[in-house]
1. Could you tell me how many of the residues in region 249-284 are farther than 24 Å from ILE384 by Cβ, among the basic types (Lys, Arg) and either open to solvent by less than 40 Å² (accessible area, probe 1.4 Å) or in a helix (DSSP H, G or I) (or both)?
2. Which count do you get for residues in region 86-108 that are surrounded by fewer than 24 Cβ atoms within 10 Å (Cβ to Cβ) and small (Gly, Ala, Ser)?
3. Please enumerate the residues belonging to region 360-379 that are touching a helix residue (DSSP H, G or I) at 6+ places or on another chain (Cβ under 6 Å), touching a residue at least 40 places away in the same chain (Cβ under 8 Å) and either in a loop (DSSP other than H, G, I, E, B) or among the β-branched types (Val, Ile, Thr) (or both).
4. Could you count how many residues in region 301-327 are in a loop (DSSP other than H, G, I, E, B) and either at pLDDT below 90 or within 16 Å of ILE417 (Cβ to Cβ) (or both)?
5. Filter region 206-217 down to the residues that are without any contact (Cβ under 8 Å) to a residue 40 or more places away in the chain and open to solvent by less than 70 Å² (accessible area, probe 1.4 Å), then identify the one that is nearest to the chain's Cα centre (by Cα).
6. For region 380-393, indicate whether the set of residues that are assigned to a helix (DSSP H, G or I), aromatic (Phe, Trp, Tyr), without any contact (Cβ under 8 Å) to a residue 60 or more places away in the chain and within 23 Å of HIS277 (Cα to Cα) is non-empty.
7. Among (1) at pLDDT below 95; (2) part of a helix (DSSP H, G or I), there is one condition THR122 misses while meeting the rest; what is its number?
8. Where residues in region 290-315 are under 30 Å from the mean Cα position of the chain (by Cα) and of a type outside the set (Gly, Ala, Ser), which of them is most open to solvent (accessible area, probe 1.4 Å)?
Amino acid sequence: MNKFMDALGAKIAPIAAKIGGNLYLTVLRDAFMMSFPLTMFGSFIVVFNNLPFWPDSLKSTFSTLFGNGQNATMSILTVFVTIGVGYYYSKAKDVEAIFGAIVALASYLILTPFFAVFDKVTQSGLLTLDRLGAKGMFLGIISAFIAAKLYVFLVQKGFTINMPDGVPPAVSKSFSALIPVMGTLFVFLIVNALMVGVFDTNLHDVIYDVIQKPLTGIGTSLPGTIVAVFLVQFLWFFGLHGQVIVNSVFEPFWQTNALENADLLKKGGSALRDHGHIVTKSFMDTFTVSLGGSGSTLIVLILILAIVKKKQYKEVARLGLAPGIFNVNEPVIFGMPVVMNASLFIPWILAPVVSVIIAYAGFASGLVPLTTGAQVPWTMPVLISGFLATNSIMGSVLQLVQMIVIGIIWLPFLKMIDNSAEI
């Protein structure tokens, strides 16, 4: 068995490393992380404005007074992701990054319709929040990468204006970026003109209907979520950071659903309940990672301290309990170890998969309110995080049920290693 795992790991590692080191996925990951402080601020406002013990009248007042905290952060997340993609891609190519950021944002906005339809009446000169948030996420990512690549290409090909020595650096850099920026924006302006003038539509709606909705539906379905959780565990088993690798692929799907849930919450609890999404960024962080880190191992540490006699495992559990409460479980993964430990392969893979199915069923049945779109920090301790993500004690109850089931799955394997000849 160990030889098989070694051979499998030798084949998996190069593939996973290639995925994890992919420039586009790395840039996308960094772009989302750049917006993390802003989404955390917006999430705090969402949680505070919608605490379950506020009366409806007070919720409405808070929404009026503090709603811009959400509007200026979470609701326009695509703006920040677009800036981040342009910045980090240009930086990776050793090109002036700030101009890569602004040309990416401007290119995205050129493709954005500046009108809205109210009661079948079209009003021009309006830029709606959904275009800058959930609905525009995929177009923002795609256009930012294309714009950044075109800008970098023009710079590297020497289409720049070089100012003489003595000119202030800010002025020199602006002139140097002038032709690449204008050339990039001109291309996007022509594309938008063709979409509007020839096809009588816009890329926002085309990308949303043709790409974003189908891919998000697949990626956030129960099978898609099971695949994501399985891959996280499988990669971690071979010592690869599964969370980073898998999240860089699935993050746009989860974030898009989270933004849509937050927008629905503004319309009232019934809108979120009837039209909201189960699988969001908050769902993945709160009902997988927040149970003790990747693998949901907090209950495993508690069981080891309670029933396992071997000193090695007890020592690891004592050292890992404090960070495990805050969902940091590298001491467990590398200390027990879980990595390449064939005797723990089954519970390591099976328990999180079963746990996420239980969580999905809890939301699908209506027993647990859908996540509000607020992004709860993954380091938030269990039970607290469940409440904050759903604004309901049922979120905490669901986490407790998950931990019990995870413990039941792990129990026979812990007894097996405790009774083995291994010291």
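1. Of the residues in region 249-284, 1 are farther than 24 Å from ILE384 by Cβ, among the basic types (Lys, Arg) and either open to solvent by less than 40 Å² (accessible area, probe 1.4 Å) or in a helix (DSSP H, G or I) (or both).
2. Residues that pass the stated criteria total 3.
3. Looking only at region 360-379, we keep the residues that are touching a helix residue (DSSP H, G or I) at 6+ places or on another chain (Cβ under 6 Å), and these are 360, 362, 368-376, 378.
With touching a residue at least 40 places away in the same chain (Cβ under 8 Å) added as a condition, the list becomes 360, 369-376, 378.
Correct list: PRO369, LEU370, THR371, THR372, GLY373, ALA374, GLN375, VAL376, TRP378.
4. Residues meeting the conditions: 3.
5. Of the residues in region 206-217, the ones without any contact (Cβ under 8 Å) to a residue 40 or more places away in the chain are 206, 209-210, 213-214, 217.
Checking which are open to solvent by less than 70 Å² (accessible area, probe 1.4 Å) leaves us with 206, 214, 217.
Working: VAL206: 23, PRO214: 18, GLY217: 15 Å.
It comes out as GLY217.
6. Residues of region 380-393 that are assigned to a helix (DSSP H, G or I), as a first pass: 384-390, 393.
Checking which are aromatic (Phe, Trp, Tyr) leaves us with 387.
Keeping just the survivors that are without any contact (Cβ under 8 Å) to a residue 60 or more places away in the chain gives 387.
Filter again for within 23 Å of HIS277 (Cα to Cα), leaving 387.
The answer is yes; a qualifying residue exists.
7. (2)
8. Taking region 290-315 as the starting set, the residues that turn out to be under 30 Å from the mean Cα position of the chain (by Cα) are 290-302.
Checking the rest, the ones that are also of a type outside the set (Gly, Ala, Ser) come to 291, 297-302.
Numbers: LEU291: 1, THR297: 2, LEU298: 14, ILE299: 31, VAL300: 1, LEU301: 2, ILE302: 78 Å².
By that ranking, first place goes to ILE302.
The values are calculated or read from the model by the stated rules, or taken from the named source; none is laboratory data. Quick caveat, the model's predicted, so the values are computed rather than measured. Please note: Cβ atoms are built from the backbone with ideal geometry, for glycine as well, and neighbour counts cover all protein chains shown. Quick note on the areas: whole protein, heavy atoms, side chains included, nothing else; ligands and nucleic acids left out. Shrake-Rupley method; radii C 1.70, N 1.55, O 1.52, S 1.80 Å.
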